[in-house]
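K.L.:
First the structure, which I've put down as structure tokens, then a few questions once you've had a look.
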Amino acid sequence: MHSILIIVFLPLLAAIIAGLGNRMLGNVAAKSITTGALFISAALSWPIFLAFLSGSAEAEVVHVLDWVRSGDMTFDWALRVDALTAVMLVVINTVSALVHLYSWGYMEEDPDQPRFFAYLSLFTFAMLMLVTANNLVQMFFGWEGVGLASYLLIGFWFKKPTAGAAAIKAFVVNRVGDLGFMLGIFGIYLVFQTTSIPEILAAAPAMSGSSIGFLGMRLYTMDIIAILLFVGAMGKSAQLLLHTWLPDAMEGPTPVSALIHAATMVTAGVFMLCRLSPLFETAPTALMIVTVVGAATCFFAATIGTTQWDIKRVIAYSTCSQLGYMFFAAGVGAYNVAMFHLFTHAFFKALLFLGAGSVIHAMHHEQDMRYYGGLRKHIPITFWAMMAGTLAITGLGVYHLGVGFAGFWSKDAVLEVAFARGTEISVTAFWLGVVAALLTSFYSWRLMFLTFWGKPRWIESEHIQHTVHKTPAEAGEDTTGGYHPHESPITMLIPLGLLTIGAVAAGQAFAPSFLDDAAFWAGSIFYNENLMSAMHAVPYWVKYSALIVMIIGFAGAYVAYIAKPDIPAKFVAAFPWLHRFVYNKWYFDELYNAIFVKPAFWFGRQFWKLGDVGTIDRFGPNGVAWVVERSSVAAKTIQSGYLYTYALIMLLGLVAAVTWVLF
Amino acid sequence: MDGFPILSLMMLVPLAAGIGCFFVGANAARWLALIGTLVTFALGVLLWANYEIGGPQWQFTESVDLFAGFKYALGIDGIALMLIMLSVFLMPICIMASWTAIQKRVGEYMAAFLFMEVLMIGVFAAQDLFLFYIFFEAGLIPMYLIIGVWGGDNRIYASYKFFLYTLLGSVLMLIAMFWMVAEAGTSDIPTLMQYDFPVGAQTWLWLAFFASFAVKMPMWPVHTWLPDAHVQAPTAGSVILAGVLLKLGGYGFIRFSLPMFPDASAQLAWLVFALSMVAVVYTSLVALVQHDMKKLIAYSSVAHMAIVTVGLFAFNIQGLEGAMIVMLSHGLVSGALFLCVGVIYDRLHTREIDRYGGLSINMPYYALFFLLFTMASIGLPGTSGFVGEFLSLAGIYQVSTWVALICTTGIILGAGYMLYLYRRVAFGDQKNADAAAMLDLDKREWAILAPIAAVVLWMGVYPESFLAPMRADIATLDARLASAAPEGDSQLQAGPPRAAAANAVPEPEHGEGEGAH
């Protein structure tokens, strides 16, 4: 039996056992089964990845079961393993295993642990089905499967109304993207008569010049197909316009945010683009859109990240922004660079989220950074882990020394390749990326300073007040309120430690393979050799731009939150409209509520009350009944029992009959 | 199985059990009905097992001449087989679902269901036009009684509305049938399916049949009987209504309208598309604002049935097979959703959504089943709902991208109203003490929900079991329709490939650039 079967189906099995067994099984058994399954899957994934790294493995497809045969449309359950899949396998299984372990500590006091672990494993299974798909429909299965798991996990604490709302929002907004994905698959079937990914990719270049009708327009076939598929990617990867669900998804427990809404699921859109990269390369207009949307997202989300107070929301917007980087890297044709950033980002973003979880754990569920402060000495291990994550995301590294944290290698590559591509759009993307890098550095250090430096502001937190049974007034000078944050248990610290290694070293260790080794990718993505050479040849100021803005961002955050902490308030007072606009997330939620949600309910009520009841029923069945009733009343008056009435009617009938016959 | 009249036997068993129910006590009637339907189901399994895939188009045929050319003729193809399986599978579940909920006139109630089963098997197996008509219309009577006698407070209005709507359409169909028999000289359905009616007459015949099938489907705007009928019907009545009766419209299209009037079907497809597009958007939005669980699911049925009609009139294999799978899937899933409503209705005697909340806490297994069926209704891949929806929509995309786009919005709206329902019922805090005190599923409820759940997953993961028997029949139909099939609006035109890839970059000259290694 091929190990990929175990890797993929063991988490499913564990999810079913833990989910259905639930309370019969007990917490420890459920947790052990799921976590054990994930560690086995992770352990089996690394050898596959290393085999591709060393060039000793070849792409293969393991057939599992027929799925649908409908005329010429056939697709099966099958698992594809190639270099691209191998990268995703280690990312998914490693982070998932660590998140499972971490959740032992984080969810310790939750009454519903088997359900939580079952969902986590179910998610992992769906994600694995997505990345091993050999046809678009199985990819869609995984795509929707992770959507389901995400829905369930966001709504895990379903008693909170906000969690239920966020869960629906995530699912429905994703469905908007799925509409595009589905139409894309239909279009592909229409054009290629297959849904098999290798066959589509092989046939795509020959179709690049063809045109097709769509909604009355006539467009380049490949462009419209790629655009439709990209709409799907935008939904799943929370790109601008379809991003609104991701920040709300932070209602889920923090380990979920780390696994699903940072490291794996949200990168599915990027994965899809890379998987279909030969197809996207035949669609220049679509790629232009990808670049624009990616660059716009990376900038837009970073601006919002600078103003939020909730520690998880800051990181959520940061994720959104980093996904933007991946998209514009793919848009300019550097799919390997996009995958590299996906790979490093998975480690450092999971680390940041789990670190944030550790802080929240220490601060008694308080998530508002305004009530943190001075935590550096109280939870030192968490602090150093977060520090490594921050250095990784801000991309500390020096080109001439050839050393740097993970983000340095991948984010700089994204920026350089956008510059090297040299079109107007790609250079604009480069500049937006540089500005976003500055903002990234600013909000990341802002987060660090607010959390770990300065004086404790804990007593203002309601969560802390409940714990220490004091109001701020009672606490007086002692702004800690006598609260003692405690470092997290070992089950939470081990994942932090391991991910720290990834955040520090993943870039350095794998940059040569991901960026420069066409043999490693072995045709699993479109590898643009010339573009890679051009990337390395960009001027030094481009190569140092990310480091320079990182230092500026750091300095800005230092001045605003440590040296002169009254600056932010002054800034807000000086530009209230700007702050309001950014703080309220560019008003996307309000806008969508006004143009989609409210009208949907309004139209629903009108259709129901005015349409069904007021028109169809009124003039339909009720109208018919009314007519029948009226005519029977009329008939009743004729049937009076008086002879002369009947005689009159008879006479009239006779006259009519005679007239008919004679004339 | 040569010559063994299994179809007649499958009708005879419930008929006998139904008659028996009149003469025994309440509890005996329940057991008699359950055993009768289970035996019929077992015969159904036997039927399926002996159905020869790739064999003759019509199998298990029986024929007895009665009078004036009117024949008692039965026989099934794969399409009929699947719909019969759906009916006999749901019937024992309906009986079990009524086990405790029905307390008055139990014998008559069970008899009504058993007679209904006879008529449902008959309608799918009939090979004579008038025999079909009799079964088709007679099916109204037990349903009318089930709603009118055992229904809710407003049952009289609902049952009249139901009867009025469905009967008015049928009259036109009967007239059309007389004309057809006079024209073709036979009432044999397989022969009529091959008969080429004059193109001019086809339009009128098609419209006459359409009047009946559109109501049964139901299509917008003749759908308003459905929400009322569902709301007033007892749980099991809703299950049969959604599970089997709504399939009569789709079956009618695939058995009569399409093969007998292919040209008219092609000419009038725009009408079907227009009504279906309206239905998807309109009824989905109406479903969103419902306060009554059954009404919500009823409106969602209209939206789902619209996917069936567009699939059928796509005139291609994917559309037809997809439509069939949507019918089967919807029969199971909406049936199961009504059962889920029934489970909590039995406990709290209200369908008001706001009276519930937080049921995941006190009824976790119930919440799990409800979630599965909700997801199947939304069309999550891996469940039966996806396979059908995906194939139908893929089919219609080949004809019209506009229709495909509008109908695919159903996946967004469907997610909206179903998850909104699920949230209000299963999520949130326990607002009402009586709802919070409800017990989780008992053994009987497990026994009615678990088999449906299993089939929903089976059809989602390995639909081949269900597609294989229908394949040859769909292919025959597709071939029959081929000459009339409309051209798609996609009109793929080859062109010379664009010279270079989107991101082609010239090879850099070596040694240039500051950072070159």
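K.L.:
May I ask you to list the residues in the range A:531-583 that are hydrophobic (A, V, I, L, M, F, W, C), closer than 21 Å to A:SER441 by Cβ and within 14 Å of chain B (Cβ to nearest Cβ)?
P.N.:
A:VAL538, A:TRP541, A:VAL542, A:ALA546, A:LEU547
K.L.:
Checking the conditions here, which among B:ARG355, B:ARG347, B:ARG351 is away from chain A (no Cβ under 13 Å), of a type in the set (Lys, Arg) and in contact with an Asp or Glu (Cβ under 6 Å, 6 or more places away or on another chain)?
P.N.:
Among B:ARG355, B:ARG347, B:ARG351, only B:ARG351 is away from chain A (no Cβ under 13 Å), of a type in the set (Lys, Arg) and in contact with an Asp or Glu (Cβ under 6 Å, 6 or more places away or on another chain).
K.L.:
Something else now. Tell me which of these A:ASN528 doesn't satisfy, since it passes every other one: (1) surrounded by 17 or more Cβ atoms within 10 Å (Cβ to Cβ); (2) more than 14 Å from chain B (Cβ to nearest Cβ); (3) in contact with a Gly (Cβ under 7 Å, 6 or more places away or on another chain).
P.N.:
Here A:ASN528 meets the rest and fails (2).
K.L.:
Only residues that are more than 14 Å from chain B (Cβ to nearest Cβ) and not in a helix (DSSP H, G or I): list them for the range A:584-629, please.
P.N.:
Hit for the range A:584-629 is A:ASN584, nothing else.
K.L.:
Further question: Filter the range A:356-388 for residues that are under 23 Å from A:PRO568 (Cβ atoms) and assigned to a helix (DSSP H, G or I) and give the result.
P.N.:
A:ALA356, A:VAL359, A:ILE360, A:MET369, A:ARG370, A:TYR371, A:PHE383, A:MET386, A:MET387
K.L.:
Can you confirm whether the range B:283-305 contains a residue that is without any contact (Cβ under 8 Å) to a residue 24 or more places away in the chain and crowded, with 24+ Cβ neighbours inside 10 Å?
P.N.:
yes
K.L.:
Run down A:LEU25, A:LEU65, A:LEU89, A:LEU53 and say which single residue is under 27 Å from the mean Cα position of the chain (by Cα) and touching a residue at least 12 places away in the same chain (Cβ under 8 Å).
P.N.:
Criteria check complete, one pass: A:LEU89.
K.L.:
Of these, B:TYR366, B:TYR345, which one is touching a Leu at 6+ places or on another chain (Cβ under 7 Å) and among the aromatic types (Phe, Trp, Tyr)?
P.N.:
Step by step, each of B:TYR366, B:TYR345 is checked, and only B:TYR366 is touching a Leu at 6+ places or on another chain (Cβ under 7 Å) and among the aromatic types (Phe, Trp, Tyr).
K.L.:
Quick one: which helices (runs of 4 or more DSSP H) lie wholly within the range B:224-292 and hold at least 1 residues that are touching a Cys at 6+ places or on another chain (Cβ under 9 Å)?
P.N.:
B:235-240, B:269-288
K.L.:
Inside the range B:401-436, can you point out the residues that are surrounded by fewer than 23 Cβ atoms within 10 Å (Cβ to Cβ) and part of a loop (DSSP other than H, G, I, E, B)?
P.N.:
B:GLY428, B:ASP429, B:GLN430, B:LYS431, B:ASN432, listed by residue number.
K.L.:
Can you confirm whether B:ASN316 is buried (at least 24 other Cβ atoms within 10 Å of the Cβ), within 14 Å of another protein chain (Cβ to nearest Cβ) and out of contact with any Ser or Thr (no Cβ under 9 Å at 6 or more places or on another chain)?
P.N.:
yes
K.L.:
Inside the range B:177-199, can you point out the residues that are farther than 20 Å from B:ALA73 by Cβ and part of a helix (DSSP H, G or I)?
P.N.:
If the condition is that a residue be farther than 20 Å from B:ALA73 by Cβ and part of a helix (DSSP H, G or I), then B:TRP179, B:VAL199 are the ones that fit.
K.L.:
Please go through the range B:389-407 and pick out each residue that is within 8 Å of chain A (Cβ to nearest Cβ) and closer than 23 Å to B:LEU372 by Cβ.
P.N.:
Once the filter is applied, which keeps residues that are within 8 Å of chain A (Cβ to nearest Cβ) and closer than 23 Å to B:LEU372 by Cβ, the range B:389-407 yields B:PHE390, B:LEU391, B:LEU393.
K.L.:
Can I ask one more? From the list A:VAL290, A:VAL266, A:VAL231, A:VAL270, pick out the single residue that is touching a Lys or Arg at 6+ places or on another chain (Cβ under 8 Å), closer than 15 Å to A:PHE327 by Cα and in contact (Cβ under 8 Å) with a residue 40 or more places away in the chain.
P.N.:
Matching residue, one of A:VAL290, A:VAL266, A:VAL231, A:VAL270: A:VAL266.
K.L.:
In the range A:135-240, which helices (runs of 4 or more DSSP H) lie fully inside it and hold 3 or more residues that are farther than 26 Å from B:TYR422 by Cβ and within 7 Å of chain B (Cβ to nearest Cβ)?
P.N.:
Correct list: A:161-192.
K.L.:
Something else now. The conditions are (1) under 24 Å from B:ALA404 (Cβ atoms); (2) away from chain A (no Cβ under 14 Å), and B:ALA214 fails exactly one of them. Which is it?
P.N.:
(2)
Okay, residues lined up against (1) in contact (Cβ under 8 Å) with a residue 40 or more places away in the chain; (2) closer than 21 Å to A:GLN367 by Cβ; (3) surrounded by fewer than 16 Cβ atoms within 10 Å (Cβ to Cβ); (4) in contact with a Leu (Cβ under 8 Å, 6 or more places away or on another chain):
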{"site": "A:GLU477", "(1), (2), (3), (4)": "no, no, yes, no"}
{"site": "A:HIS484", "(1), (2), (3), (4)": "yes, yes, yes, no"}
{"site": "A:ILE490", "(1), (2), (3), (4)": "yes, no, yes, no"}
{"site": "A:LEU493", "(1), (2), (3), (4)": "yes, yes, no, no"}
{"site": "A:ALA506", "(1), (2), (3), (4)": "yes, no, no, no"}
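K.L.:
Something else now. Can you pull out every residue in the range A:63-93 that is of a type in the set (S, T, N, Q) and more than 12 Å from A:LEU128 (Cα to Cα)?
P.N.:
If the condition is that a residue be of a type in the set (S, T, N, Q) and more than 12 Å from A:LEU128 (Cα to Cα), then A:SER70, A:THR74 are the ones that fit.
K.L.:
Please identify the pairs in which a residue from the range B:480-500 that is outside any loop (DSSP other than H, G, I, E, B) has its Cβ atom under 6 Å from the Cβ atom of a residue that is at pLDDT below 80 and among the polar types (S, T, N, Q), counting only partners at least 6 apart or on another chain.
P.N.:
Note: no pairs meet the criteria.
K.L.:
Which of the residues that make up the range A:293-314 are aliphatic (A, V, I, L, M) and in contact with a Lys or Arg (Cβ under 7 Å, 6 or more places away or on another chain)?
P.N.:
Of everything in the range A:293-314, just one residue is aliphatic (A, V, I, L, M) and in contact with a Lys or Arg (Cβ under 7 Å, 6 or more places away or on another chain), namely A:ILE304.
K.L.:
Kindly indicate whether A:VAL332 is under 26 Å from A:GLY422 (Cβ atoms), buried (at least 24 other Cβ atoms within 10 Å of the Cβ) and not charged (D, E, K, R).
P.N.:
Criteria met by A:VAL332.
K.L.:
For the subset of the range B:361-388 comprising residues that are more than 9 Å from chain A (Cβ to nearest Cβ) and in contact with a strand residue (DSSP E or B) (Cβ under 8 Å, 6 or more places away or on another chain), which member is surrounded by the fewest Cβ atoms within 10 Å (Cβ to Cβ)?
P.N.:
B:LEU372
The values are calculated or read from the model by the stated rules, or taken from the named source; none is laboratory data. Since the model is a prediction, treat every value here as computed from it, not as a measurement. Cβ: placed from backbone, ideal geometry, glycine included. Neighbour counts: every protein chain shown.
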